[in-house]
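S.K.: Please see the structure below; I have some questions.
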């Protein structure tokens with residue numbers, strides 16, 4: 001039995017016990033509702049900084065690699081099916097950056 005399975009069983013039993021003993025909302029003479037009404041509205045997330053950063057990063061990569069002989073040689077070799085050092089390096093960098101972006105996305109998604 002794994003630690004995670006044991007943890008899930010404990011969570012399930014604790015949740016079942018709490019549900020049996022829960023009698024409904026606690027009477028607080030409207031205090032909770034009053035507090036909720038006084039909270040400021042949730043701020044909407046603005047997406048333009050993220051997209052601006054992505055576009056700036058793409059532009060910087062394109063400009064820095066535009067005149068790189070490694071990029072041109074690697075791309076030419078990939079298109080011709082030649083597995084040269086340049087082609088393997090280019091594909092490895094592309095795959096690595098894709099994995100890095102996916103990992104970053106998953107890490108950010110877990111924080112929300």
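S.K.: Among the numbered criteria (1) farther than 27 Å from residue 108 by Cα; (2) touching a helix residue (DSSP H, G or I) at 6+ places or on another chain (Cβ under 9 Å), which single criterion is violated by residue 63?
M.R.: The number of the failed condition is (2).
Let's see how each residue does on (1) closer than 30 Å to residue 101 by Cβ; (2) surrounded by 10 or more Cβ atoms within 10 Å (Cβ to Cβ):
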{"residue": "13", "(1), (2)": "no, yes"}
{"residue": "18", "(1), (2)": "no, no"}
{"residue": "26", "(1), (2)": "no, no"}
{"residue": "29", "(1), (2)": "no, no"}
{"residue": "34", "(1), (2)": "no, yes"}
{"residue": "40", "(1), (2)": "no, no"}
{"residue": "48", "(1), (2)": "yes, no"}
{"residue": "57", "(1), (2)": "yes, yes"}
{"residue": "63", "(1), (2)": "yes, no"}
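S.K.: What helices (runs of 4 or more DSSP H), lying completely within segment 1-87, carry at least 1 residues that are in contact (Cβ under 8 Å) with a residue 12 or more places away in the chain?
M.R.: By residue number, 69-79.
Every number here is computed from the coordinates shown, using simple stated rules; none is lab data. None of the values given here were measured: they were computed from a predicted structure. FYI the Cβ positions are ideal-geometry reconstructions off the backbone, even for glycines, and counts take in every protein chain you see.
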